[in-house]
Amino acid sequence: MGTKSQVLLTTAAGCVNAIGFLTLGGVFTSVMTANSALLGLALGNGDPAMAKLAGVAIVAYLAGAVLGGSAAARSGRGVRSGMRGALAVECVVLSAVWAFWLVVDGRPQAVEKAVLLAASCLAMGCQSGGIRVASGGALTTAYMTGAMTGVVTDFVTRRRFDRHVALIVLLLPVGAAIGGLTVRWARLAAPAVPVLLVAAALAVVMYGGRSAARRHHGAEHSD
């Protein structure tokens, strides 16, 4: 997976997280460490509504990770080939989220919030699981704690600053800002933004893979 697709997917993840947090009950769609803490806090503080939402988010995300990982494993070898299936599934799920969002006029009630949250977390789990299987765990787009730790510790201990990883880390809050702005100023269109970003990433992955194959085929003929 190239830089362009990683940039698009990280921005999409930040956007989905912001939309979910602001409109679907104050939990995250891809940061399961935070949701685990929220689940424990809700249980300890006697907040069953928050506990249910956090639990739904975690279960749906794990189901998405299984789905995305399986799709990547079946799609073929290589990061690009592996990501096609996972991103296609994610794009379909996010499109369904937007369609349902329009049906409820962007103002979901309790049960509708749970459904939209589950679908959003399923999509994010699909993205994370697909990328992990396709890249062998070398890439991430939806959660940044490990990447952020690596950037800081590498700079301190090795005097090495990985600009690419730093850029990806910064894109998660950028995507969240975009999500927050769209919820505030264009609420009905908000879920369309991550759909477009993931669709663009899928197009980049598919086009890049075909371009690489054509270059390889041309090189073989020139030899």
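One table, with the values for the structure above:
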{"read-out": "Where a label projected 7 Å from the Cα of Leu188 along Cα→Cβ would reach, residues of the range 98-119 with amide N under 15 Å", "value": "98-108"}
{"read-out": "Distance (nanometres) between label positions extended 7 Å along Cα→Cβ at Ala63 and Glu112", "value": "2.1 nm"}
{"read-out": "Cα-Cα pairs of the range 76-151 separated by more than 21 Å (percent)", "value": "40 percent"}
{"read-out": "Choice from Thr140, Thr182, Thr149 with maximal GNM fluctuation in the chain (Cα, 10 Å cutoff)", "value": "Thr149"}
{"read-out": "In Å², nearest 10: area of Cys91 left accessible to a 1.4 Å probe", "value": "20 Å²"}
{"read-out": "Test item: Cα-centred dipole of the chain, Lys/Arg +1 and Asp/Glu -1 on Cβ, debye", "value": "440 debye"}
{"read-out": "Leu170 paired with Val152, simple spin-label distance in nm, labels 7 Å along Cα-to-beta-carbon", "value": "1.8 nm"}
{"read-out": "Taking the range 1-138 and dividing mean pair separation by its residue count, relative contact order in percent (alpha carbons under 8 Å, at least six apart)", "value": "31 percent"}
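The values are calculated or read from the model by the stated rules, or taken from the named source; none is laboratory data. The model shown is predicted, which means the values in this text are computed figures rather than measured ones. With ideal geometry, Cβ positions are generated from the backbone for all residues, glycine too; neighbour counts draw on all protein chains shown. When the accessible area is computed, the model is the full protein with side chains, heavy atoms only, and any ligands, DNA or RNA have been set aside. Shrake-Rupley method; radii C 1.70, N 1.55, O 1.52, S 1.80 Å.
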